[in-house]
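Below: one structure, written as structure tokens.
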Amino acid sequence: MKAKEYLSQAIRLDHRISSKLEQLENLKALAMRVTSNLTQEKVSGGRNIRGPFENTMAKIIDLEKEINQEVDQFIELKQEIMGTICRVEDVNCQLVLEKRYISGKSWGDISLELGYSRSGGF
């Protein structure tokens, strides 16, 4: 894995977590709209008698567990990447790398914050 790919892992994981949080909000909104129609449920044999609300709640719980696991992974990954960045000798380079790969800022925002010209590079 190249350095840029390694450092970008946290940014990609953060995007994935954000996407799952959005999915979770959509599921929660759906759960609030779902109404259980008890007259349609039939108790017979081994059929699943869980209503739509229960199914949605089960999906919400599963997704929350996934998100929690990914958040834990995200925190560990950021700590690992920060340790790698701290091994860079140049403090200015450390700061740029930290803002990009730990804080997830764009190169343009970093150059404005630190007073670098975009054409001058980092």
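The values are calculated or read from the model by the stated rules, or taken from the named source; none is laboratory data. Only a predicted model underlies this, so the values are computations on that prediction, with no experimental measurement involved. Don't worry about glycine lacking a Cβ; one is built from the backbone with ideal geometry, like all the others, and counts go over all protein chains shown.
See the values below:
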{"quantity": "Sole residue being within 28 Å of the chain's Cα centre (by Cα), surrounded by fewer than 14 Cβ atoms within 10 Å (Cβ to Cβ) and modelled with pLDDT under 95, chosen from Met32, Met57", "calculated": "Met32"}
{"quantity": "Condition met for Gly83 (small (Gly, Ala, Ser) and surrounded by 14 or more Cβ atoms within 10 Å (Cβ to Cβ))", "calculated": "no"}
{"quantity": "Candidates Glu66, Glu98, Glu113 - the one that is among the charged types (D, E, K, R), more than 22 Å from Leu13 (Cβ to Cβ) and either modelled with pLDDT of 85 or more or not in a helix (DSSP H, G or I) (or both)", "calculated": "Glu113"}
{"quantity": "Cβ pairs under 6 Å, 6+ apart, first in the stretch 13-35 and outside any helix (DSSP H, G or I), second among the hydroxyl-bearing types (Ser, Thr, Tyr) and surrounded by 14 or more Cβ atoms within 10 Å (Cβ to Cβ)", "calculated": "Val34/Thr56"}
{"quantity": "Leu7, sole failed condition from (1) within 25 Å of Gln94 (Cα to Cα); (2) modelled with pLDDT under 95; (3) out of contact with any helix residue (DSSP H, G or I) (no Cβ under 6 Å at 6 or more places or on another chain)", "calculated": "(3)"}
